[in-house]
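Input: a single structure, listed below in structure tokens.
The values are calculated or read from the model by the stated rules, or taken from the named source; none is laboratory data. Because the structure is predicted, anything quoted here is derived from the model rather than measured. Ideal geometry is used to build each Cβ from the backbone, glycine not excepted, and the neighbour counts take in all protein chains shown. Heads up: the accessible areas ignore ligands, DNA and RNA and are worked out on the full protein's heavy atoms, side chains in. Shrake-Rupley method; radii C 1.70, N 1.55, O 1.52, S 1.80 Å.
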Amino acid sequence: MKKDLFLKQLLFIDIETVRAEATWETLSLGMQQQWIRKALSLNQHEDLPIPELYRERAGIYAEFGKVICISLGFFYQVEGVWHFKVKAYAHHDEQLLLQEFQTLLIEKFNQGNITFVAHNGKEFDYPYLCRRMLVHQIELPPCLQLSGKKPWGHPHLDTLELWKFGDHKHYTPLALLAEIFNIPSPKDDIDGSQVGRVYYEEKNLQRIARYCNQDVVTTARVFLRLKQLADLEEEHIHSEYELKHLERHTVQQINT
């Protein structure tokens, strides 16, 4: 059996998140009080005014942020040659985005034959998605029922964890791995720290979707290097985005 056939079972994923409200002032009184409590611990390292700290940091916490984009990527073969397709799904309505994403996962990926792959996914992407689904009272699909599982029982993969080789104190950004592996950087336009500004000030969801797709492609290429498999050719990478709603038929190809 060829050692790369398992690639067909992988679903690469990345999410983009922003603060739930554009400004501190538009938060409810209750959430302002909760953020003040959160800021007490954060400001031990960053002495910023509470409104500014909310603008800069709230999006990375599922309790204070929201998901605006989910990118999915998968490998498929054409005449024995590996191709990679990635598509970003973005929406201003988080509940609608997550509901459609949940429906897609239940309909297509509840057979236990798909493994998610993300960079820092076990610390960020996977739990963030689960928490936001619970906030919106969306039932977690089988592949995201992760609560209570031991680290060794986690069904999904994380390129950061693969690079750590058991060193739990070590953090390496995706862009750094791309650099040392001579992979085109995913940070040629914006980076994660700028997503909130692009969303609320530029109102450019399309730009965020493109950036999210870039991260998925880079994660896939890093994964290939970590598994010592051949890299993708640029002409075999196909990137799309959908800014209105999820189109389930485009993702059905993953299981073909």
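Helix 94-108 and the longest principal axis of the Cα set of the chain meet at an angle near 30°.
Computed from the Cβ-Cβ distance with R0 of 35 Å, the FRET efficiency linking Arg37 to Leu226 stands at 0.35.
Of the chymotrypsin sites (Phe, Trp or Tyr not before Pro) found in the range 180-236, the ones in coil according to DSSP and having at most 14 other Cβ atoms within 10 Å of their Cβ are Phe181.
Please work out the Cα convex hull volume for the range 116-230 and give it in Å³ per residue.
Details: hull volume 15.6 nm³, N = 115.
Cα convex hull per residue, to the nearest whole number: 136 Å³.
For the range 72-222, the number of Lys pairs with C-alpha atoms closer than 19 Å, counting only pairs eight or more positions apart or on separate chains, is 9.
Tell me the Kirkwood radius of the range 5-143: reciprocal of the mean inverse pair distance over distinct alpha-carbon atoms, in Å. Please list the in-between numbers first.
Working: mean 1/r = 0.0597 Å⁻¹.
After inverting the mean inverse Cα-Cα distance, the result is 16.8 Å.
Here Glu201 and Glu25 are evaluated by their C-beta separation; at R0 = 22 Å the FRET efficiency comes out at 0.90. With only Cα atoms counted, the range 72-121 has Rg and Dmax values of 13.5, 40 Å. Sorted from longest to shortest, the spans of the Cα atoms of the range 21-93 along the three principal axes equal 58, 29, 15 Å. Report the residue, chosen from Val135, Val78, Val86, that carries the largest GNM mean-square fluctuation when the chain is represented by alpha-carbon nodes joined by springs under 10 Å. Most flexible of the set in this elastic network: Val78.
The modelled label-to-label distance between Val78 and Ser193, using points 7 Å beyond Cα along the C-beta direction, is 3.9 nm.
Hey, any idea what % of the chain's accessible area is carbon plus sulfur with a 1.4 Å probe?
Numbers: 6620 of 13280 Å².
Looking at the chain in its full context, I get 50 percent from C and S.
Sequence-distant contacts, meaning Cα pairs under 8 Å at least 6 residues apart, place the relative contact order of the chain at 28 percent.
Charging the Cβ of each Asp and Glu at -1 and of each Lys and Arg at +1, and nothing else, the dipole of the range 37-84 about its Cα centre rounds to 220 debye.
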